[in-house]
1. Under 24 Å Cα-Cα from residue 167, which lysines qualify once same-chain neighbours fewer than 8 residues away are excluded?
2. Using the Karplus curve 6.51 cos²θ - 1.76 cosθ + 1.60 with θ = phi - 60°, what ³J(HN,Hα) values do you get for each residue of region 332-342, in whole Hz, with x for Gly and Pro?
3. Choose one answer from 310, 98, 176: the residue with the largest mean-square fluctuation in a GNM of the chain with alpha-carbon springs under 10 Å.
4. Would you grab the residues whose amide H sits under 5 Å from the one on residue 247? Only those 5+ places off in sequence or on another chain, please, with H modelled 1.01 Å from N.
5. Using a Gaussian network for the chain with springs between C-alpha atoms less than 10 Å apart, which of these wobbles most: 234, 246, 69?
6. Ratio of alpha-carbon Rg to the 2.2 N^0.38 Å globular estimate for region 214-312, to two decimals, please.
7. Residue by residue through region 55-68, what is 3J(HN,Hα) from phi via Karplus (6.51 cos²θ - 1.76 cosθ + 1.60, θ = phi - 60°)? Round to whole Hz and write x for glycine and proline.
8. Give the average over all directions of the projected area of the C-alpha convex hull of region 134-205, one decimal, in nm².
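What follows draws every value from the coordinates through simple rules; no lab data is involved. Quantities reported herein were computed from a predicted structural model and do not represent experimental measurements. Quick reminder, even Gly has a Cβ in these numbers, built from the backbone with ideal geometry, and neighbours come from all protein chains shown.
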Amino acid sequence: MAAVVLLAACKGEGGSASGSAAGDWTVFRGDGSLAGSTRRALPAEPRLLWSTTTGQRTVASPLVKDGTIYTVGRRGLLRAVDADGQEVFSKDFSTFIEATPLIVDTTIYIGTIDGCLLAIGLASRDTLWEFWTEGQISAPPMLTSYGDDDAVVFGSYDNYMYTVRRKDGQLLSKFESGYYLNGAAAVLDGYICYGGCDQWLRVVDTRKGVQTDSLMLDMYLPASPVFIGNDAYIGDYGGNIYHLTIDKGHITSNEKIHRTRSADDASFIGLPAVGRDNVYFFSGGRSLTCVSRKDASVRWETMLKGPTGESSPLECRNGILVCTKSGIVSILDKDSGKVTWEYDTGEDILTCPAVSEGRFYIVTAKGTLLCFGS
């Protein structure tokens, strides 16, 4: 579980990918809901426009802000490149980083393995503030609100979920989960929702730092639920997929909509993608499955090339974008599951893609950033 850096967020009032520009992708999975669904269209016939590399192993997903693409390597190198792939700036933190950062306005928030959340000014590149925990931070920070203030919420391996004021890093509340936290938390009307390696799904009131509801599932939860409205979808390590509803901080219903076929099935450690009609998730270690939200029937299942690994599917307006651990990037038709486009990067992929208007970006495990467009 130490290698898993995925966690999810309930539908958030902050954290939207469209925060300041139509092409922005400023938070893990593009939106505070972690739904992995966007109305942005993929290029009709994608081709590789450019690639560039840091040479550092990378498990954090790329972000896009005002036409600049940001990546952070596992050894702590933050790098920004422009729309042509030319370096704008770089900053070496000389510490290990696994968590996908968060960008809000002109500040980037980065969690480190030695337990510090950093706020860095994108213009000055100076450290604006630091917030220290007693455990590593592998969880992507998420944006939420706290009264009249914006806040950043994130988990640590010291077992606490923290809410800190965005402008100065002042602690607003914290909740002790009883187990280490290695992923992003979901945000819904002042509440957060997240899964844990102790099998518990928890809902927490961030304003009070108290738990309002919880549910133990069949196996431990490598990632949190993804949300569309009050509907939540989450997978456990064994490959089971659950549908829950959460209202005003309470779990009002839950059902298992997909059961793992056998103990031989590969583990599920990513996030589903949920759109208006369907839920998409990796299954059996090599397939992408589409299940109807209406009646939980399997609409299609497509075998992919190579093991699926730690990445997660992304529903776009005109297709499903998928990266596999073996380095294959694919686009699938939403109605049939047919593979309509494919590209072999030649390097492992552990991250999730970022989608801008007319382009999408992939970071490989070796730190290669690839830009695809028309």
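1. 11, 65, 91, 208
2. 10, 5, 5, 7, 10, x, 5, 6, 9, 7, 8
3. Result: 176 has the largest fluctuation of those listed.
4. For residue 247, the qualifying residues are 252.
5. Its mean-square fluctuation being the largest, the pick is 246.
6. Expressed relative to 2.2 N^0.38 Å, the Cα Rg reads 1.02.
7. Once θ is set to phi - 60°, the couplings for region 55-68 become x, 9, 4, 9, 10, 8, 6, x, 10, 10, 9, 6, x, 9 Hz.
8. Mean shadow area of the hull around the Cα atoms is 4.3 nm².
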